[in-house]
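Here the structure is laid out as structure tokens; the discussion comes afterwards.
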Amino acid sequence: MSGYDAVVLAGGAARRLGGADKPSVRVGGRTLLNRVLAACADAGSIVVVGPERPTATKVTWTREEPSGGGPVAALAAGLRHVRADTVLVLSADLPFLDKEAVRTLLTALEEATGAAAGGPKGDGVMVVDSGGRDHPLVAVYRTEALREGLGRLGGEQGALGGLSLRRLTA
């Protein structure tokens with residue numbers, strides 16, 4: 001499927017890795033970030049939110065405000081560069097993500113929107129692990145729905161820094 005943009009969140013403190021730069025960790029000879037970028041290489045544009053690093057793919061770099069403000073602030077920063085109606089949202093630490101998984105997410109959103117059948121509009125789909133835990137950073141969303149949610153959340157809280165991504169996707 002074409003017609004989507006991607007936002008990859010590549011910040012974070014990596015406390016569980018002793019502060020190591022997690023997106024730069026190598027698995028199978030490639031950095032985690034480059035592995036994720038390869039999985040979404042057919043996106044119309046790819047925005048990476050975080051400190052600039054060498055990549056094998058052309059991307060647009062941006063940073064969240066405030067710096068270190070967390071995934072909701074990072075997502076808002078990335079969405080400023082998105083033009084497509086659909087946005088794939090990924091964390092930069094998914095070593096086994098591949099193009100097929102991305103296609104599956106995009107197809108699931110198409111099915112959830114019921115566009116062909118005139119059914120209800122779905123706002124997004126995300127990976128749910130075998131334990132039933134949602135993964136909102138392995139997901140595809142309608143861009144406008146995310147923007148509306150961020151606007152509401154920002155209006156309620158006054159700022160997006162430090163807010164939970166699960167609160168946005170709820």
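The values are calculated or read from the model by the stated rules, or taken from the named source; none is laboratory data. These numbers were taken from a predicted model, which means no experiment stands behind them. We place every Cβ from the backbone using ideal geometry, glycine too, and count neighbours over all the protein chains shown. Heads up: the accessible areas ignore ligands, DNA and RNA and are worked out on the full protein's heavy atoms, side chains in. Shrake-Rupley method; radii C 1.70, N 1.55, O 1.52, S 1.80 Å.
In the set (1) out of contact with any Ser or Thr (no Cβ under 9 Å at 6 or more places or on another chain); (2) under 21 Å from residue 45 (Cβ atoms); (3) touching a residue at least 40 places away in the same chain (Cβ under 8 Å), the condition left unmet by residue 145 is number (3). Evaluate the following for residue 77: is it modelled with pLDDT of 95 or more and over 18 Å from residue 38 (Cα atoms)? Spelling it out, residue 77 is indeed modelled with pLDDT of 95 or more and over 18 Å from residue 38 (Cα atoms). Scanning for something part of a loop (DSSP other than H, G, I, E, B) and more than 21 Å from residue 63 (Cα to Cα), does segment 134-151 turn up at least one residue? No; the residues of segment 134-151 include none that is part of a loop (DSSP other than H, G, I, E, B) and more than 21 Å from residue 63 (Cα to Cα). Counting the residues of segment 140-156 that are modelled with pLDDT of 90 or more, more than 17 Å from residue 84 (Cα to Cα) and open to solvent by 20 Å² or more (accessible area, probe 1.4 Å) gives 2. Filtered by the rule that a residue be open to solvent by 50 Å² or more (accessible area, probe 1.4 Å) and assigned to a helix (DSSP H, G or I), segment 157-168 gives 157, 166, 167.
Can you tell me which condition residue 58 does not meet? The list is (1) closer than 24 Å to residue 38 by Cα; (2) touching a residue at least 40 places away in the same chain (Cβ under 8 Å), and all the others hold. The number of the failed condition is (2). The helices (runs of 4 or more DSSP H) found entirely in segment 30-122 that carry 3 or more residues being open to solvent by 40 Å² or more (accessible area, probe 1.4 Å) and out of contact with any strand residue (DSSP E or B) (no Cβ under 7 Å at 6 or more places or on another chain) are 99-113. Exactly one residue out of 133, 166 is within 17 Å of residue 76 (Cβ to Cβ) and free of Cβ contacts under 8 Å to residues at least 40 places away in the same chain: that is 166.
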